[in-house]
1. Could you tell me whether ARG433 is part of a helix (DSSP H, G or I) and not aliphatic (A, V, I, L, M)?
2. Tell me whether the stretch 299-318 contains one or more residues that are open to solvent by less than 40 Å² (accessible area, probe 1.4 Å), in a strand (DSSP E or B) and either within 14 Å of the ligand (Cβ to nearest atom) or among the small types (Gly, Ala, Ser) (or both).
3. Does any residue of the stretch 92-103 turn out to be part of a strand (DSSP E or B) and at positive phi?
4. Regarding the stretch 401-408, can at least one residue be identified that is in a loop (DSSP other than H, G, I, E, B) and either within 11 Å of the ligand (Cβ to nearest atom) or in contact (Cβ under 8 Å) with a residue 24 or more places away in the chain (or both)?
5. Can you confirm whether the stretch 537-555 contains a residue that is in a helix (DSSP H, G or I) and within 16 Å of the ligand (Cβ to nearest atom)?
6. For residues that are at pLDDT 90 or above and of a type in the set (Asp, Glu), tally how many sit in the stretch 262-285.
7. Counting just the residues of the stretch 349-375 that are among the basic types (Lys, Arg) and in contact with a strand residue (DSSP E or B) (Cβ under 7 Å, 6 or more places away or on another chain), which one comes out farthest from the ligand (Cβ to nearest atom)?
Amino acid sequence: MCGIVGILGAKPVAGDLVDALRRLEYRGYDSAGIATVENGHLDRRRAEGKLKNLELRLSNHPLQGRAGIGHTRWATHGRPVERNAHPHMNGRVAVVHNGIIENFQELKGELAAKGHEFQTETDTETVLHLVTDYLDQGLPPVEAARMALERLSGAFALGLIFAGHDNLMIGARQGPPLAVGHGEGEMYLGSDAIALAPFTDMVTYLEDGDWVVLTREGAEIHDMTGRRVERPMVKSIASALLVDKGNYRHFMAKEIHEQPEVIGHTLANYLDMAAGKVVFPELGADLAKISRVTISACGTAHYAGLVGKYWLERYARIPVEIDIASEFRYRESPLPEDGLAIFVSQSGETADTLASLRYCKAGGQRIASVVNVRSSTIARESHVILPTLAGPEIGVASTKAFTCQLSVLACLAIAIGRARGAVGADQEKELVRALTEVPRHLTTILRSESLYESLAVSLHKAKDVLYLGRGPSYPIALEGALKLKEISYIHAEGYAAGELKHGPIALIDENVPVVVVAPENDLFEKTVSNMQEVAARGGQIILISDATPDKAGCKLQTHLQMPHAHPFISPLLYAVPVQLIAYHTAVVMGTDVDQPRNLAKSVTVE
Ligand code: G6P
């Protein structure tokens, strides 16, 4: 979603605002803008499209103010054109906003009736007029903002500055995250700590309903009842270095290549490798007594959960209910007694996942979240956090966060299996040993990247691509198709291989590449039969398997040889070839790999 930033600086802040927006650009990149208070007056620069357009505008028409706010937008209300870009501003106040003001129609009607003229199609502009209305009534800025905040409903993070007030900024959080950064005689506001990393590593995360009055001297935080509150100042681990592309052309490439290392870190957090045991944090529930596991997540994180279901059912022998969070939250699904609910989210801020969490919490479930951002809302509202140690993921299409989520879920399946007596000590050792092999195997797979580059040259001409898999390879097929369509814009579908004949086989002809994810396990023969059905109809088969090509029994367009490994870890290994296929195809297509059109990394609206 949108990213917001604010700086009360000792010198002109436009350059630093743009620098911070660059680190927030993964959240939205339809348009960007900044506003500052200069000699008591508000002035702004905005530009449609990527941040570089705004930079160009600023180099021609600089801003000199020492107090400023900035925004990078992912459009919700109103097209992504300059007119709708933030900051929204009049002569008295400027505002940046992430989220949705749900009652904006009602407020807009009321304000328009009072004579306020609306210039844009955005919900955000109502905030501007509302605050102005209170200023017009003679209220000082802080009071005007407080009164306006009381009228807003929905999910939002806001930043406000005022004409004539060079040492004042107001931030507010209801839903989407907002952090206050503490500097030396300077103060900051940002959608996440990464945005503020080069300026300060001392941050305070606002809680839901909080609003803050910033001056260069410090921050005064109030909760939703208006009471002054203290929130802890923490040392942020987001370092500016971590969000550098290094020698890679794209963040996505860097993040794909980081996987052996970050999976190693994540596994080390849950495994005693020497003893061959899983060492899991206390879930605060007797694992042996859990009656059912409910998993809910969105996008790639949902596919990680789907692999988790296969593992939990097969190895821990526990029933699992899983759904995408946008459906689950409204399904009114009955929840069992002694149920464990797991929420998987890289950002920890996805609105639908958070709503599902709250539903399950109200329904008496034990809440565990597999999150990459430990300071996130989902993490904070969970009974137990099961962190992934992927480090900041900047590419909008998730890669390393996905495989780290898988790593945690694999450990969880073993832990629950052990507690329920479904996994004995020997099997635990065997599975743990298999997991410790993952980083080594991934390094091998990543060495054959040139194969994927050649494959991409033919794949990029396709209009449709099918991905097939069975068992835990089915979610990997779904993830492969999602990755390809997200970043190359080629239409792709993932299917359970056995379902092929119930529909998608009608699409097969010599122009349709079919990627088959088929480790040589107990389901291999079945998948091979489905593959032959494709071959018989002229489909171009790309087989990802540790089996030798002769075992396919049909003509292959490409065979991507995988290392032999324990079947338990196949999803972790086979996730990487489907990422590489998508990445290299997108590179050949020349798309914007890290910031694909219309997508946002952290989806804080429904
Ligand atoms: C967006 C991102 C996906 C991500 C999904 C869920 O759609 O583009 O990469 O999988 O949100 O995000 P989360 O932060 O909850 O994992």
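1. Numbers: part of a helix (DSSP H, G or I): yes; not aliphatic (A, V, I, L, M): yes.
For ARG433, the condition - part of a helix (DSSP H, G or I) and not aliphatic (A, V, I, L, M) - is met.
2. Checked the stretch 299-318: no residue is open to solvent by less than 40 Å² (accessible area, probe 1.4 Å), in a strand (DSSP E or B) and either within 14 Å of the ligand (Cβ to nearest atom) or among the small types (Gly, Ala, Ser) (or both).
3. Yes: the stretch 92-103 contains one or more residues that are part of a strand (DSSP E or B) and at positive phi.
4. Pass one, the stretch 401-408, residues in a loop (DSSP other than H, G, I, E, B): none.
Within the stretch 401-408, none of the residues are in a loop (DSSP other than H, G, I, E, B) and either within 11 Å of the ligand (Cβ to nearest atom) or in contact (Cβ under 8 Å) with a residue 24 or more places away in the chain (or both).
5. Kept after step one, since they are in a helix (DSSP H, G or I), are these residues of the stretch 537-555: 549-552.
Add one more test, that the residue is within 16 Å of the ligand (Cβ to nearest atom), and what stays is none.
For the stretch 537-555, residues in a helix (DSSP H, G or I) and within 16 Å of the ligand (Cβ to nearest atom): absent.
6. 1
7. Within the stretch 349-375, the subset among the basic types (Lys, Arg) is 358, 361, 366, 374.
Then drop every residue that is not in contact with a strand residue (DSSP E or B) (Cβ under 7 Å, 6 or more places away or on another chain), which leaves 361, 366, 374.
Details: LYS361: 17, ARG366: 20, ARG374: 13 Å.
Looking at the filtered set, the residue picked out is ARG366.
Per-residue answers, yes or no, for (1) at pLDDT 95 or above; (2) assigned to a helix (DSSP H, G or I); (3) in contact with a Lys or Arg (Cβ under 9 Å, 6 or more places away or on another chain):
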site: TYR26; (1), (2), (3): no, yes, yes
site: TYR29; (1), (2), (3): no, no, yes
site: ALA35; (1), (2), (3): yes, no, yes
site: ASP43; (1), (2), (3): yes, no, no
site: LEU58; (1), (2), (3): yes, yes, yes
site: GLN64; (1), (2), (3): yes, no, no
site: HIS71; (1), (2), (3): yes, no, yes
site: ARG79; (1), (2), (3): no, no, no
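The values are calculated or read from the model by the stated rules, or taken from the named source; none is laboratory data. Note that the structure is a prediction, hence the values are computed from the model and not measured. Every residue, glycine as well, gets a Cβ built from its backbone with ideal geometry; the counts of neighbours run over all protein chains shown. Surface accessibility is based on the protein's heavy atoms, side chains included, excluding ligands, DNA and RNA. Shrake-Rupley method; radii C 1.70, N 1.55, O 1.52, S 1.80 Å.
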